[in-house]
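Asker: Submitted below is the structure of interest, expressed as structure tokens.
The values are calculated or read from the model by the stated rules, or taken from the named source; none is laboratory data. Bear in mind the structure is a predicted one, so any value in this text is a computation, not a measurement. Virtual Cβ from ideal backbone geometry, glycine too; neighbours counted across all protein chains shown. When the accessible area is computed, the model is the full protein with side chains, heavy atoms only, and any ligands, DNA or RNA have been set aside. Shrake-Rupley method; radii C 1.70, N 1.55, O 1.52, S 1.80 Å.
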Amino acid sequence: HPPETPMKRIVSINLAPNAADYELTTEFLGETFHVRRLGADWDVDRAITLLDRAQHEADAIGLGMVRDHATVGTRRLRDRLTSRLEGVVTNVPVTTGATLRTFFDEWCVRHVQSEEGQYFTNARTLFLSGITNYRTAAILAEHSRNLRFADPATLHGVPRILNSLRALETYAGTAARLRRWTASRPLAQDGPPRLPLTRRAVRRAMEWAHFVVGPWQEIEQYSNDELHRKVVV
């Protein structure tokens, strides 16, 4: 018998509560993996401790409930909190899964557009954050000019909605120069703007849109009335 392949150990460090922790052993592409999830209860220092401990026992580490680094146009934007957590791990690979997620996002949009009969053609689409979903926005821009981006409102509390991909690229460049890309906080602390004027700007954009693009952590914080008859991507 050939020698058994050593089991790969994957540890996911998640900023969310540890009440959702789990571990399992599974097979994928002929290899055996042990996967374990550890929550940090929104405590960044706790997450750092877990990361430091995990890198001595894991073959790879995943980061959860943090923002991905973003590429907007030709500009690369790095999230400060994510960079800080990634910098703790020096022994093994560490990832947010952004590369794989971007690949699947692109594949899904192109597949639906092809198979469902021009599904996104001229679609009115609101991105809660075009910066974090820039690749998806660029693909949808091939089929529709009706794109809106709520980044000023959802990321920085400014009651303004951007109305083109070029405006998003300009805004991202300005935000990067002003070091306002992130506030170094966990992803779940984002959500509907608290200021009434800013919240109204997002609500009007949602009323206009047929499609709303955003991570579920943000989407779930909007009411059923706001999301009524919307396609959520």
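Asker: Taking Thr5 as the residue in question, decide whether it is more than 15 Å from Val89 (Cβ to Cβ) and at pLDDT below 95. Let's see the steps before the verdict.
Answerer: Details: more than 15 Å from Val89 (Cβ to Cβ): yes; at pLDDT below 95: yes.
Judged against the criteria, Thr5 is a match.
Asker: Now, a different point. Provide a single number: the residues in segment 47-98 that are modelled with pLDDT of 95 or more, out of contact with any Ser or Thr (no Cβ under 9 Å at 6 or more places or on another chain), assigned to a strand (DSSP E or B) and crowded, with 20+ Cβ neighbours inside 10 Å.
Answerer: Going through segment 47-98 one residue at a time, the tally reaches 1.
Asker: What is the one condition in (1) modelled with pLDDT of 90 or more; (2) within 30 Å of Asp45 (Cβ to Cβ); (3) open to solvent by 60 Å² or more (accessible area, probe 1.4 Å); (4) aliphatic (A, V, I, L, M) that Leu128 does not satisfy?
Answerer: Of the numbered conditions (1) modelled with pLDDT of 90 or more; (2) within 30 Å of Asp45 (Cβ to Cβ); (3) open to solvent by 60 Å² or more (accessible area, probe 1.4 Å); (4) aliphatic (A, V, I, L, M), the odd one out for Leu128 is (3).
Asker: Please list, ordered by residue number, the helices (runs of 4 or more DSSP H) wholly in segment 134-209 having 3 or more residues that are at negative phi, among the hydrophobic types (A, V, I, L, M, F, W, C) and modelled with pLDDT of 90 or more. Don't jump to the end; show me each part of the working.
Answerer: Details: elements: 134-140, 151-156, 165-177, 196-208.
The qualifying helices (runs of 4 or more DSSP H) are 134-140, 165-177, 196-208.
Asker: Is there a residue in segment 119-140 that is free of Cβ contacts under 8 Å to residues at least 12 places away in the same chain, within 30 Å of Arg160 (Cβ to Cβ) and not β-branched (Val, Ile, Thr)? Talk me through it step by step, then tell me what you get.
Answerer: So the first thing to find is which residues in segment 119-140 are free of Cβ contacts under 8 Å to residues at least 12 places away in the same chain, and the list is 119.
Now restrict to residues that are within 30 Å of Arg160 (Cβ to Cβ): 119.
When the remaining residues are screened for being not β-branched (Val, Ile, Thr), the result is 119.
Yes.
Asker: Might you check whether a residue that is within 21 Å of the chain's Cα centre (by Cα), part of a strand (DSSP E or B) and not charged (D, E, K, R) occurs anywhere in segment 27-43?
Answerer: Scanning segment 27-43 turns up at least one residue that is within 21 Å of the chain's Cα centre (by Cα), part of a strand (DSSP E or B) and not charged (D, E, K, R).
Asker: Sticking with this one: Just wondering, is there one or more residues in segment 23-30 that are hydroxyl-bearing (Ser, Thr, Tyr) and farther than 30 Å from Ser129 by Cα?
Answerer: Kept after step one, since they are hydroxyl-bearing (Ser, Thr, Tyr), are these residues of segment 23-30: 25-26.
In the following step, the residues that additionally are farther than 30 Å from Ser129 by Cα were identified as 25-26.
Checked segment 23-30: at least one residue is hydroxyl-bearing (Ser, Thr, Tyr) and farther than 30 Å from Ser129 by Cα.
Asker: Might you let me know whether segment 9-28 holds any residue that is among the basic types (Lys, Arg), in contact with an Asp or Glu (Cβ under 6 Å, 6 or more places away or on another chain) and open to solvent by 90 Å² or more (accessible area, probe 1.4 Å)? Talk me through it step by step, then tell me what you get.
Answerer: So in segment 9-28, the residues among the basic types (Lys, Arg) come out as 9.
Next, from what is left, pick out any that are in contact with an Asp or Glu (Cβ under 6 Å, 6 or more places away or on another chain): 9.
From what's left, open to solvent by 90 Å² or more (accessible area, probe 1.4 Å): 9.
For segment 9-28, residues among the basic types (Lys, Arg), in contact with an Asp or Glu (Cβ under 6 Å, 6 or more places away or on another chain) and open to solvent by 90 Å² or more (accessible area, probe 1.4 Å): present.
Asker: Continuing with this model, one more query. Can you name every residue in segment 99-125 that is surrounded by fewer than 15 Cβ atoms within 10 Å (Cβ to Cβ) and of a type in the set (Asp, Glu)?
Answerer: The answer is Glu106, Glu115, Glu116.
Asker: Could you grab me the full set of residues in segment 73-108 that are closer than 13 Å to Asn133 by Cα, in contact (Cβ under 8 Å) with a residue 40 or more places away in the chain and among the hydrophobic types (A, V, I, L, M, F, W, C)?
Answerer: Selection gives Leu77 alone.
Asker: Does at least one position in segment 50-68 carry a residue that is β-branched (Val, Ile, Thr) and farther than 25 Å from Thr102 by Cα? Spell out the reasoning first.
Answerer: We begin by selecting, within segment 50-68, every residue β-branched (Val, Ile, Thr); these are 61, 66.
Add one more test, that the residue is farther than 25 Å from Thr102 by Cα, and what stays is none.
Checked segment 50-68: no residue is β-branched (Val, Ile, Thr) and farther than 25 Å from Thr102 by Cα.
Asker: Can you tell me which of (1) touching a helix residue (DSSP H, G or I) at 6+ places or on another chain (Cβ under 8 Å); (2) within 30 Å of Leu168 (Cβ to Cβ); (3) touching a residue at least 60 places away in the same chain (Cβ under 8 Å); (4) surrounded by 17 or more Cβ atoms within 10 Å (Cβ to Cβ) is the one Val44 doesn't meet?
Answerer: Exception for Val44: condition (4).
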